Ligand code: ADP
Ligand code: 5GP
């Protein structure tokens, strides 16, 4: 059995990461979604353990001290982190693990797991991003402005990612992410054992 891949998806707040990923997960049941911890408050409609593990700053400090994060960052004024064990277990068991994390966390994963697949989900424009962020109706005006100002910086990081998907039409973006994941399963490095086993039958 080959190992799964870590699939990192980043993009500015409001780009549609959550929407694209939740569509994808309903279609691809074998993909493991990494549920992050966060110290931000729960939004209406969010479910503990599904969207995030909502924790206090004290609990966050404990996880940090135990060195149990694969990556962690302060984003828009709150702490977020990816618990390492569930991701490493999923990948070890042959499942691809999808991480919805910001550009700082993605840099940490790129350094620590160079074989990770990295995807930047880009909104079609700043105007459309603002429209989506406001349309979602989950943030205060102050938080909308902070997220938009952070977006100006975050989009400059897109070229550090292996793939970029422009989330214009939702269905297209979901198909494109599925295509990236499918392609990653056929990377030579992911299939080295199987490849060597087949080649050995030619050498006998
Ligand atoms: P993120 O997780 O990146 O912060 P969301 O998934 O919450 O973004 O999406 C932000 C808003 O944009 C939501 O209201 C969502 O329904 C909407 N949205 C997502 N993708 C599209 C799209 N392709 N076209 C139009 N609206 C979209
Ligand atoms: P939101 O508060 O809108 O759910 O997420 C805000 C930002 O935090 C998004 O860019 C999202 O990708 C990022 N994020 C969510 N979970 C994590 C995580 O575990 N680590 C890091 N570094 N960023 C995260």
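The values are calculated or read from the model by the stated rules, or taken from the named source; none is laboratory data. Here the structure is a predicted model, which is why all the values come from computation and not from measurement. Cβ placement follows ideal geometry from the backbone for every residue including glycine, while neighbour counts extend to all protein chains displayed.
Just so you know, in segment 131-143 the residues that are modelled with pLDDT of 95 or more and surrounded by 17 or more Cβ atoms within 10 Å (Cβ to Cβ) include one that is nearest to ligand 1 (Cβ to nearest atom), and it is 132. For first residues located in segment 107-129 and more than 16 Å from residue 158 (Cα to Cα), partners that are at pLDDT 95 or above and in a strand (DSSP E or B) and lie 6+ apart or on another chain with Cβ distances below 6 Å form the pairs 113/6. Any residue at all in segment 66-75 that is modelled with pLDDT under 95 and exposed (fewer than 14 other Cβ atoms within 10 Å of the Cβ)? No: zero hits. Of the residues making up segment 76-90, those that are surrounded by 15 or more Cβ atoms within 10 Å (Cβ to Cβ) and touching a helix residue (DSSP H, G or I) at 6+ places or on another chain (Cβ under 8 Å) are 79, 80, 81, 82, 83. The set of residues in segment 19-53 being away from ligand 1 (no atom under 16 Å from the Cβ), surrounded by 15 or more Cβ atoms within 10 Å (Cβ to Cβ) and more than 21 Å from residue 91 (Cβ to Cβ) consists of 39 alone. Out of 130, 154, one residue alone is assigned to a helix (DSSP H, G or I) and within 18 Å of the chain's Cα centre (by Cα). It is 154. When 148, 195, 121 are screened for being under 16 Å from the mean Cα position of the chain (by Cα) and surrounded by 11 or more Cβ atoms within 10 Å (Cβ to Cβ), only 121 passes. Residues that are away from ligand 2 (no atom under 12 Å from the Cβ) and outside any loop (DSSP other than H, G, I, E, B) within segment 1-14 comprise 6, 7, listed in sequence order. Is there a residue being more than 20 Å from residue 28 (Cβ to Cβ) and either away from ligand 1 (no atom under 14 Å from the Cβ) or in a helix (DSSP H, G or I) (or both) anywhere in segment 166-176? No, the conditions are met nowhere in segment 166-176. Scanning segment 1-18 for residues that are more than 18 Å from residue 89 (Cβ to Cβ) and in contact with a strand residue (DSSP E or B) (Cβ under 9 Å, 6 or more places away or on another chain) yields 9, 10, 11, 12, 13, 15, 16, 17, 18.
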